[in-house]
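The values are calculated or read from the model by the stated rules, or taken from the named source; none is laboratory data. Small disclaimer: the values here were computed from a predicted structure and weren't measured. Every residue, glycine as well, gets a Cβ built from its backbone with ideal geometry; the counts of neighbours run over all protein chains shown.
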């Protein structure tokens, strides 16, 4: 057999081998393509997508994905709770109750389901059922801050402020930082409503001692200090709030001014203006200048106040008018007040109409006095 025949046979063998390999590869690909996807894997994808849509507020899409999960894996133990959260967010209380009851039947050890069920029962006015569910949630998870807060709300309904505050503070111990401060201020606010400001102050000071600090909590603390004339403590609390919320510099400035610490007050007004350049802050600075008998400074701040005024806020208008009147520009003050007093949403504002009428009387403008008094009749007018 010559060399050419050997080459031919080898070439034929290679072609046959390649063909077999090709058919085997193709066969494998076809077999892979024909394998159906795993329903559990597909359901997991829909569950994640549904949860994501819910968190974004896209409830319609969330329902679509959760329905797909139900079709693929009807016994998925996660699904009733997820649907319950979605229905709760939509305000569909009865449907949400049914889902969470189903969730508990599948997994009675899940504290969140009991907690949500307690909240929903309370929304339906079923307070005994609500309390039983919430206590079960706490039994399963003593750090369930939502359950403690709901028990606090229930105590308020029963007019038991002490128990409500106790539950709110228990909730705060396990809550994430932002919710923690909110629960503490909520507890303090209930003591204030119950006319126990000393208890409210104690709650807020205890939070401060733990290093808990938000603008809202510090402002509440400042307010409580003002009530008991602890001026330096109030300034410190408001200053701490202002570091995160520059609007609180206004309160710092006013307190420094009340204590005749004019330079500190001026520094605080400047910080307030740096944070937000509005007319009322320039009015505050102008009044400070007048207290220091610095007329030129007051005139300058009045001009700045007028240039930044929006004409949209009642407080802005009344404080500007007061400053104008103080600086012997009563006619300008009356024009400003007259315009605001004539607006539809202010026509029944008794204090504004009386303020305008008194200034009009002082300037001998009887027609303005009459117009203001007619708007609030039969209130006593000047």
query = Are there any helices (runs of 4 or more DSSP H) wholly within the stretch 74-160 with 3 or more residues that are farther than 21 Å from residue 175 by Cβ and without any contact (Cβ under 8 Å) to a residue 24 or more places away in the chain, and if so which?
reply = 93-106, 127-140
query = What are the residues in the stretch 321-339 that are under 23 Å from residue 377 (Cβ atoms) and surrounded by fewer than 22 Cβ atoms within 10 Å (Cβ to Cβ), if any?
reply = 334, 338, 339
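Answer yes or no as to whether residue 257 is surrounded by fewer than 22 Cβ atoms within 10 Å (Cβ to Cβ), in contact with a helix residue (DSSP H, G or I) (Cβ under 7 Å, 6 or more places away or on another chain) and over 24 Å from residue 177 (Cα atoms).
Against the criterion (surrounded by fewer than 22 Cβ atoms within 10 Å (Cβ to Cβ), in contact with a helix residue (DSSP H, G or I) (Cβ under 7 Å, 6 or more places away or on another chain) and over 24 Å from residue 177 (Cα atoms)), residue 257 qualifies.
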query = Hey, which of the helices (runs of 4 or more DSSP H) in the stretch 315-382, taking only ones fully inside, have at least 2 residues that are in contact (Cβ under 8 Å) with a residue 12 or more places away in the chain, over 27 Å from residue 278 (Cβ atoms) and touching a helix residue (DSSP H, G or I) at 6+ places or on another chain (Cβ under 8 Å)?
reply = 350-362, 366-376
ask   = residue 311 passes all but one of (1) under 23 Å from residue 239 (Cβ atoms); (2) part of a loop (DSSP other than H, G, I, E, B); which number fails?
value = (1)
remark   = Note: among 19, 36, just one is outside any helix (DSSP H, G or I), at pLDDT below 80 and on the phi < 0 side of the Ramachandran plot, namely 36
Total residues in the stretch 186-202, condition touching a helix residue (DSSP H, G or I) at 6+ places or on another chain (Cβ under 7 Å) and surrounded by fewer than 22 Cβ atoms within 10 Å (Cβ to Cβ) = 6
inquiry  = residue 205 - would you say it is assigned to a helix (DSSP H, G or I) and within 24 Å of residue 285 (Cα to Cα)?
reply    = no
query = Out of 252, 280, which single residue is over 25 Å from residue 233 (Cβ atoms), in a helix (DSSP H, G or I), within 30 Å of the chain's Cα centre (by Cα) and at pLDDT 95 or above?
reply = 280
